[in-house]
Each structure stands twice: as C-alpha cells, then as structure tokens.
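A.B. asks: Mind looking over this structure? Questions follow.
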Amino acid sequence: MSVDLVLKNAKIFAFSRIIEAGLAIEDGKIFKIAKEPNLPKSSEKIDLNGLLVFPGIIDVHVHLRDQELSYKEDFLSGTSAAANGGVTLVVDMPNNKPTTMDSATLRERMNIASGKTIVNIAFYSAFPADIGEIKRIADEGARAFKIFLSHKVGGLDPNDDVAVTEAFMETSKLNLPVSVHAEDGMLLQENIRKLRLNKRDDLDAYPEAHSQEVEVKGISRAINLAGKSGAHTHVCHVSTAEGLKTVLNAKKDGLPVSCEVTPNHLFLSVRHASKIGSIALTNPPLRSQSDVSYLQSALEKGLIDVVASDHAPHALKEKEGSSIWDISAGIVGLETMLPLLLTHVNRGYLSVSTLVKVMAEKPAEIFGFKDRGYIKEDKCADLVVVDLKKEWVINPSEFHSKAKFSPFEGWRMKGKPVKTFVNGLLVMDDGEIVAKPGTGRIIM
Ligand code: DOR
Ligand code: ZN
Ligand code: ZN
C-alpha cells in the first residue's frame, strides 16, 4: 500500500523515549512508526535530517478573543501563532465578548471559528445562570468549564457558594473538568479598595492586591469544591510556592485536582516586572525569585501536571496607562512557550520526557483528548518537529499573534519548533504558515 506522507530520518519521542525511526501518516493518523526500510511507500516524503519529533503541544489555556475583541486577536491570527509555537491544539477560554456561557453563545463561537483555524481547537464555557443549561453546553461540544473565583464571568456569581457547588456537581456528572482561576474575590476586592483609598495606582500596587494570600485562599476553595463535587478541578496558572504546596497536598490526599504553571511564572519574577513595566503585567502577577525557583524545581521533579501559555493578547494601547487599574493584564505566550521550555532543557534543568508529559500527554489525559498527546500508531498525526540546537533571539515583531510585544523580547533561545503538522498536514514550516485556514478542526 501507499500512504499519504512519510517523515524519515527522525528522532521520535515515542513509548516514553527517543527512538531513531520514521513515521508513516495516512488519513491524518499515525499509521506506522518504524525504521525506514519497514515503512510503506508514500506519495510524499520529508527528510527530517535527524531532528526531534514530539507529539504536538496541547495548550489548555488560550484566550483567542475574536468576535467583538478581534482587534486583540482572532481565530486565524491566534491559531497561526499556535502553529508557529508548535501548538497543535488550543483550548479556548470563555471570557470573550460575548462571553461563552450557554449553548447559543458556544454554538455561535464555534460557527465563527469553523473554517478559520490553522490548528485544532476545543472550547471552554463559563457557567450559565441556569444549572440546567450545563448539560446543554456539554452536548453542544464544550470540553471543559472555566470559573473565575475572583469576579463574575458568565451567568454564575462566584460568591454564591451554593450555586457554585451545584455547578461543580453537575459538571462532575458529565465527567468534564473545571478549570479555575483561583483568586479569592472577597479578599482581592478588599485589597483593591484599601489600595485605591490610599491613592495607590503604581505597578507595585498590583501584586499587593493580587497577593499570595488571595491565591492560596482561592486555591483552597477550588480544592474544597473538588472534594465536595468529585469534579476534576484544574487549578490554572499557579504562581506561588504556597499555592503550589496547597495543590500538592490536596493531590496527596487523593482529591481530583491538577495544576498548571505558565512560562511567565516559571521564568519571570518581580525583578522583570519592575524593569519591563506594564508589558509584563499579568494576573496572577509575577512573584519573587524564590517562588520562581520553587516552581522550576517542582517542574523538574515532575510535580507539575501541565504547562500552558495563558496566551492573553491585548492591543498595545491597552497595556499602557498611568494607573495600574486601567491597564489590561495578560501576556502572549503561544510563540514563546515551547522555545522557553526547550531552552530550559538545553540548560539541563528539564528532561525531554517531562517536557512532553506536561505539554502533551497530561493535557490530553486531563481534558480527555483520547486520540492525541502521544506519538503512537492510530493516534492523530499532530506533531511538532524541533531543532534542539537552533540558537535565536525572540523578536515579537515576527509574531503571528496580533500582539507584537512580549516581556521575553531579546531573550536568547536554544531550541525552536521548525515544522508543525496538524491532522497529518504540514501547517508551519520554518516560521511560515503554509496551510489554509480551516486546516484545524473543532474538537468536541
Ligand atoms: O492576565 C490575565 N489575562 N489573567 C486573566 O485571568 C485573564 C487574562 C485575559 O483574558 O486577558
Ligand atoms: Zn486566569
Ligand atoms: Zn487566562
């Protein structure tokens, strides 16, 4: 027989190790992993000259915007950024305009995305006001729910503990995960009120408001909800050592929780925040060097479940302003996440197998993407080809994202995604998008 595509001369991360082999791809799936003489004939062959092949990165925390926020990012620019960063599946956050919060808004968002994406996309929904709507949202194709404990996004008031518990219970019945922006809303609002009363609107006021206590209290509440409901609770962007310890203790107790860390909190600290200014403003904010070291060592030890980008694009003018309370928080990350982690591997701080675990395998397991996350026969051919030796410098003006600025500007990298395949098709080649919009599928 003859297959669609053969990738030869590769070093493939498969069966938990790197093997020298080739890959045969047929109908968007991995047909065979074997040494070249044992691969079937194919209409097309690509020689990878000994480069590494990983399962495509699955980024479970992405704000793609579009709709009324398309001036910040849209499905095409955001998924082009994903492809450029080696990301083959993004899970889209619900804090949009309109908010993704019921079956109608989800359907509308899916319709707009359909035919526009370069990589695969799955959707979050916020919780609706009516608990009965949760099942309809799941039936419509949402792969997870997202709740901000800090403020109301969607129909559910996060301060209404009875309603929030009910929503978690309902989600548990549907066997879907809930991702939590874990900051305690009451304490946060109280901190902000006091700071504003004292006329504080400088950069340092932000981490004072979004303090470690705010995070730890939010995480404790998320864990409590996981325990009461049995819903798999995924704690987004853990930023402090204390926050992480709280999650790790809950995991030891056998609760259904997982944790995520972003490259922002792994590689940037308050030192960068004051040097770079509001471009580095993100929520939760950048923390102390000792928090950064704690997160890095936890990652190295395999204690972190997921690394996700929290890609949060804004217009440049929204990132500038004289008062910190008027500046939009968020950092774009789709095009820098894998390079930063590869550079970390090159420095000897992270193994390739942990990188693949936190960026492909675990995200696939937690979010139930059964056909993805591993290079294995019969899995979907979502792949990233990596040049681990390539040295280069981050230049945001080359981003495919609409947000062409980054706190990582000028950082020297060693390691780069050079080709991305989605459903067996080459979508990115050496930084260029070579596929048509619509190559990505909606994963329901
Ligand atoms: O910095 C952030 N930006 N944190 C969030 O929780 C939301 C995000 C956004 O959507 O811009
Ligand atoms: Zn968040
Ligand atoms: Zn986010």
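A.B. asks: Under 10 Å, Cα contacts only: if you run a Gaussian network model on the chain, which one of Gln296, Gln212, Gln189 comes out with the highest mean-square fluctuation?
C.D. replies: Sorting by GNM fluctuation, first place goes to Gln189.
A.B. asks: With the chain treated as a Gaussian network of Cα nodes joined by springs under 10 Å, which of Ala104, Ala167, Ala360 yields the largest mean-square fluctuation?
C.D. replies: Highest fluctuation among the options: Ala104.
A.B. asks: Something else about it: For Val153, which sequence-distant residues (separation of 5 or more, or a different chain) have an amide H within less than 5 Å of its own amide H, given hydrogens modelled in the peptide plane?
C.D. replies: Counting only residues 5 or more places away or on other chains, the set is Phe148.
A.B. asks: Return the long-range amide H neighbours of Ala126 (sequence gap of 5 or more, or a different chain), with a cut-off of under 5 Å between placed amide H atoms.
C.D. replies: Here the answer is Thr100, Met101, Lys146, since their amide H atoms fall under 5 Å of that of Ala126.
A.B. asks: Based on Cα coordinates alone, diagonalise the gyration tensor for segment 336-396, multiply each eigenvalue by 5, take square roots, and list the semi-axes in whole Å, largest first.
C.D. replies: Working through the eigenvalues yields semi-axes of 24, 13, 11 Å.
A.B. asks: Distance in nm between label sites at Ser293 and Ile131, each 7 Å beyond Cα in the beta-carbon direction?
C.D. replies: 4.7 nm
A.B. asks: I would also like to ask the following. ³J(HN,Hα) across segment 396-409 via Karplus (A = 6.51, B = -1.76, C = 1.60, θ = phi - 60°), whole Hz, x for Gly/Pro?
C.D. replies: Values, residue by residue: x, 5, 8, 4, 7, 4, 5, 8, 9, 8, 7, x, 8, 3 Hz.
A.B. asks: Distance between the C-alpha centers of segment 115-163 and segment 253-275? Whole Å please.
C.D. replies: Between the Cα centres of segment 115-163 and segment 253-275 lies a distance of 23 Å.
A.B. asks: What ranking of Met428, Met413, Met1, Met186 emerges when the number of other C-beta atoms within 10 Å of each C-beta is taken as an exposure proxy, fewest first?
C.D. replies: Met1, Met186, Met413, Met428
A.B. asks: Next question. Taking Cα pairs under 8 Å and at least six residues apart, what relative contact order does the chain come out at, in percent?
C.D. replies: Over the chain, the number comes to 21 percent.
A.B. asks: Per-residue ellipticity at 222 nm for the chain, helices alone: DSSP H runs ≥ 4 residues times -39500 (n - 2.57), over residue total, nearest 500 deg cm²/dmol?
C.D. replies: That calculation yields -8500 deg cm²/dmol at 222 nm.
A.B. asks: Now for a separate question. Quick check: from the Cα gyration tensor, does segment 56-210 come out rounded (a/c under 1.5), prolate or oblate?
C.D. replies: Judged from the Cα gyration tensor, segment 56-210 comes out oblate (a/c at least 1.5, b/c at or above a/b).
A.B. asks: On a full-extension model of 0.36 nm per residue, what is the gain between Asp204 and Glu68, subtracting their alpha-carbon distance, rounded to one decimal in nm?
C.D. replies: Working it through step by step, the gained length comes to 45.8 nm.
A.B. asks: Show which aspartates and glutamates lie in cross-link reach of Lys194 when reach means a straight Cα distance below 19 angstrom and same-chain residues fewer than eight apart are skipped.
C.D. replies: Glu183, Asp184, Asp202, Asp204, Glu208, Glu213, Glu215, Asp326
A.B. asks: In addition: Just subtract the alpha-carbon distance of Arg17 and Lys436 from 0.36 nm times their residue separation and send over the number in nm, one decimal.
C.D. replies: Difference between extended and current length: 147.5 nm.
A.B. asks: Can I ask one more? Using alpha-carbon positions, what is the distance between the centroids of segment 281-299 and segment 70-85, in Å?
C.D. replies: Cα centroid of segment 281-299 versus Cα centroid of segment 70-85: 26 Å apart.
A.B. asks: While we're here: What distance in nm separates the two pseudo spin-label positions at Arg412 and Ala34, each 7 Å out from Cα along the beta-carbon direction?
C.D. replies: It is 4.5 nm.
A.B. asks: Exceeding 20 Å between C-alpha atoms, which entries from my cross-link table qualify? They are Lys217/Lys245; Lys29/Lys416; Lys29/Lys389; Lys152/Lys404; Lys72/Lys404.
C.D. replies: Lys29/Lys416; Lys29/Lys389; Lys152/Lys404
A.B. asks: Report, by chain and number, residues whose modeled amide H sits under 5 Å from the one on Met413, excluding near sequence neighbours (fewer than 5 apart, same chain).
C.D. replies: Result for Met413 returns Trp392, Val393, Ile394.
A.B. asks: Taking only Cα atoms and a 10 Å spring cutoff, compute GNM fluctuations for the chain and point out the largest among Val434, Val62, Val214.
C.D. replies: In the Gaussian network model the winner is Val434.
A.B. asks: Which whole-Hz couplings ³J(HN,Hα) result when phi for each residue of segment 56-71 is put into the Karplus expression 6.51 cos²θ - 1.76 cosθ + 1.60, θ = phi - 60°, listed in order with x for Gly and Pro?
C.D. replies: Coupling constants for segment 56-71: x, 6, 10, 9, 8, 9, 9, 9, 8, 6, 6, 6, 6, 10, 5, 5 Hz.
Values in this text are rule-based calculations from the coordinates and carry no lab data. This structure is a prediction, so every number in the text was calculated from the model and none was measured. In this analysis, Cβ positions are derived from the backbone assuming ideal geometry, glycine residues included, and neighbour counts consider all displayed protein chains.
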